[in-house]
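Throughout, read-outs are computed from the coordinates displayed, never taken from laboratory work. Keep in mind the model is a prediction, meaning the values are calculated, not measured. A quick note on method: Cβ atoms are made from the backbone with ideal geometry, for glycine too, and the neighbour counts reach across all protein chains shown.
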């Protein structure tokens, strides 16, 4: 939602006693933190660099916004490959059911879909942003468009922030919630890491998470645009199986994308060319034996046809030349000339179409940033910095990330809410 003209034009020259808390970043974590702190009686100023709130929220879940997962606290923790124990307090205090109740109380009906993914009934991410904006308005959060350049720090703790134009705003508590470095067009350009470094925090090296994969060879490019709806994949690190999933996959000019690939990328922690490969089961509903029997029938029915012309009922058109080339069977071989061994090998290829991974796509194309503010320097019970009193962090700026399914927004909401509660407790 666009800021109102009243908000945009209002000159906010706050004195120390006029603002209790400054929240940097108007995304999921920042909006939750600001609204919750204000609801608890704090005078809150939210500073967002974009001209509207929740830019990244607006593109999540393909514009539908998978805002949480309808599961237990332990299930959330199990879906976090990076520093899961750090999140236990936050998720326990604001679990998925509380997140769902929060939005429903704001007048946003929800629904649960496959994989326990929770969406607004309207299928519009904009409705989630509108609900959070109402939450801010109802609790009188002051909102300002501006780019925070640095923190104001004193020996006894944080004292406010400085904008790009040199304007200073004062508060004894600051929550940094300005996201990671993925999707920079939404404002996630790594500003939070700059502020954290200024305060003396260590930044764990950044890498993309939930990101498409570049693959070796030209096969994927030859199938560009082909989407497989019900596909099983297995991910191998060298010879070790590290992940398996079932769902939608997309072939692209650079390699692989789609929900199952984004999830798989989170399990790839030692990325180098050739370390990982993805095995695609193109016929997961059929055992190898049943698939071989199917091929035998098809070849008998098309006995005088060329091999390459006999597969249209079995495979998508774009995939046929690639599979035929991989099989080693000459395309013009008549079906009645294919040996039992060749047929069985082809069945095996359909059950294990293996593709070597070259690397991740750039972090700018990732859904989530892995890495960030070292959580060893943050209190897991309050989200407060252990180095600077009154400074808190929430959301993607922290070195935590999860798999797809609404878990990353659950983390953002939970850490934002916990930081706000801690701000209240610190002054009580």
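Does residue 192 meet the test of being in a loop (DSSP other than H, G, I, E, B) and either surrounded by 13 or more Cβ atoms within 10 Å (Cβ to Cβ) or touching a residue at least 40 places away in the same chain (Cβ under 8 Å) (or both)?
Values: in a loop (DSSP other than H, G, I, E, B): no; either surrounded by 13 or more Cβ atoms within 10 Å (Cβ to Cβ) or touching a residue at least 40 places away in the same chain (Cβ under 8 Å) (or both): yes.
So residue 192 does not fit the description; no.
Only one residue in 320, 355 is within 34 Å of the chain's Cα centre (by Cα), crowded, with 20+ Cβ neighbours inside 10 Å and at negative phi. Which one? Walk me through how you get there before you give the answer.
Details: 320 fails: crowded, with 20+ Cβ neighbours inside 10 Å.
Only one candidate qualifies: 355.
Taking the residues in segment 67-86 that are touching a helix residue (DSSP H, G or I) at 6+ places or on another chain (Cβ under 7 Å) and farther than 20 Å from residue 379 by Cβ as candidates, determine which candidate is surrounded by the fewest Cβ atoms within 10 Å (Cβ to Cβ).
Going through segment 67-86, the residues touching a helix residue (DSSP H, G or I) at 6+ places or on another chain (Cβ under 7 Å) turn out to be 67-71, 73, 76-77, 79-80, 83-84, 86.
Of the ones still in play, those that are also farther than 20 Å from residue 379 by Cβ are 67-71, 79.
Values: 67: 29, 68: 32, 69: 26, 70: 19, 71: 22, 79: 21.
Ranking the qualifying residues of segment 67-86, first place goes to 70.
Residues are listed down the side, and each one gets a yes or a no for (1) more than 16 Å from residue 27 (Cα to Cα); (2) in a loop (DSSP other than H, G, I, E, B); (3) without any contact (Cβ under 8 Å) to a residue 12 or more places away in the chain:
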{"position": "55", "(1), (2), (3)": "no, yes, no"}
{"position": "58", "(1), (2), (3)": "no, no, no"}
{"position": "74", "(1), (2), (3)": "yes, no, yes"}
{"position": "80", "(1), (2), (3)": "yes, yes, no"}
{"position": "86", "(1), (2), (3)": "yes, no, no"}
{"position": "89", "(1), (2), (3)": "yes, no, no"}
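Do we find a residue being under 28 Å from residue 367 (Cα atoms), part of a loop (DSSP other than H, G, I, E, B) and in contact (Cβ under 8 Å) with a residue 60 or more places away in the chain anywhere in segment 142-165?
yes
What residue, among those in segment 91-116 that are in a helix (DSSP H, G or I) and in contact with a strand residue (DSSP E or B) (Cβ under 8 Å, 6 or more places away or on another chain), is farthest from residue 260 (Cα to Cα)?
Step one: of segment 91-116, the residues in a helix (DSSP H, G or I) are 91-93, 96-105, 114-116.
Next, only the ones that are in contact with a strand residue (DSSP E or B) (Cβ under 8 Å, 6 or more places away or on another chain) stay: 96, 99-100, 103-104, 115-116.
Numbers: 96: 23, 99: 25, 100: 25, 103: 28, 104: 29, 115: 12, 116: 16 Å.
Here the answer is 104.
Of the residues in segment 250-273, how many are touching a residue at least 40 places away in the same chain (Cβ under 8 Å), more than 12 Å from residue 360 (Cα to Cα) and loosely packed, with under 13 Cβ neighbours inside 10 Å?
Going through segment 250-273 one residue at a time, the tally reaches 0.
Yes or no: residue 329 within 27 Å of residue 250 (Cα to Cα), in contact (Cβ under 8 Å) with a residue 24 or more places away in the chain, surrounded by 15 or more Cβ atoms within 10 Å (Cβ to Cβ) and in contact with a helix residue (DSSP H, G or I) (Cβ under 6 Å, 6 or more places away or on another chain)? Break it down into steps so the answer makes sense when it comes.
Numbers: within 27 Å of residue 250 (Cα to Cα): yes; in contact (Cβ under 8 Å) with a residue 24 or more places away in the chain: no; surrounded by 15 or more Cβ atoms within 10 Å (Cβ to Cβ): yes; in contact with a helix residue (DSSP H, G or I) (Cβ under 6 Å, 6 or more places away or on another chain): yes.
Against the criterion (within 27 Å of residue 250 (Cα to Cα), in contact (Cβ under 8 Å) with a residue 24 or more places away in the chain, surrounded by 15 or more Cβ atoms within 10 Å (Cβ to Cβ) and in contact with a helix residue (DSSP H, G or I) (Cβ under 6 Å, 6 or more places away or on another chain)), residue 329 does not qualify.
Quick one: would you say residue 377 is under 24 Å from residue 209 (Cα atoms), touching a residue at least 24 places away in the same chain (Cβ under 8 Å) and surrounded by fewer than 18 Cβ atoms within 10 Å (Cβ to Cβ)?
Values: under 24 Å from residue 209 (Cα atoms): yes; touching a residue at least 24 places away in the same chain (Cβ under 8 Å): yes; surrounded by fewer than 18 Cβ atoms within 10 Å (Cβ to Cβ): yes.
Yes.
Considering (1) at negative phi; (2) surrounded by 16 or more Cβ atoms within 10 Å (Cβ to Cβ), say which one residue 104 fails and leave the rest.
(2)
Counting just the residues of segment 229-249 that are farther than 15 Å from residue 115 by Cα and touching a helix residue (DSSP H, G or I) at 6+ places or on another chain (Cβ under 6 Å), which one comes out surrounded by the fewest Cβ atoms within 10 Å (Cβ to Cβ)?
243
How many residues are part of a strand (DSSP E or B), in contact (Cβ under 8 Å) with a residue 60 or more places away in the chain and under 25 Å from residue 60 (Cβ atoms) if we restrict to segment 202-246? Walk me through it before giving the result.
Start the filter on segment 202-246 by keeping residues that are part of a strand (DSSP E or B), which leaves 203-209, 213-215, 227-237, 240-246.
Next, from what is left, pick out any that are in contact (Cβ under 8 Å) with a residue 60 or more places away in the chain: 203-209, 213-215, 228.
With under 25 Å from residue 60 (Cβ atoms) added as a condition, the list becomes 203-209, 213-214, 228.
Here the count works out to 10.
Mind checking which residues of segment 117-140 are in contact with a strand residue (DSSP E or B) (Cβ under 7 Å, 6 or more places away or on another chain) and either in a helix (DSSP H, G or I) or buried (at least 20 other Cβ atoms within 10 Å of the Cβ) (or both)?
Taking segment 117-140 and keeping what is in contact with a strand residue (DSSP E or B) (Cβ under 7 Å, 6 or more places away or on another chain), we get 117-121, 127-128, 136.
Matches in segment 117-140: 117, 118, 119, 120, 127, 128, 136.
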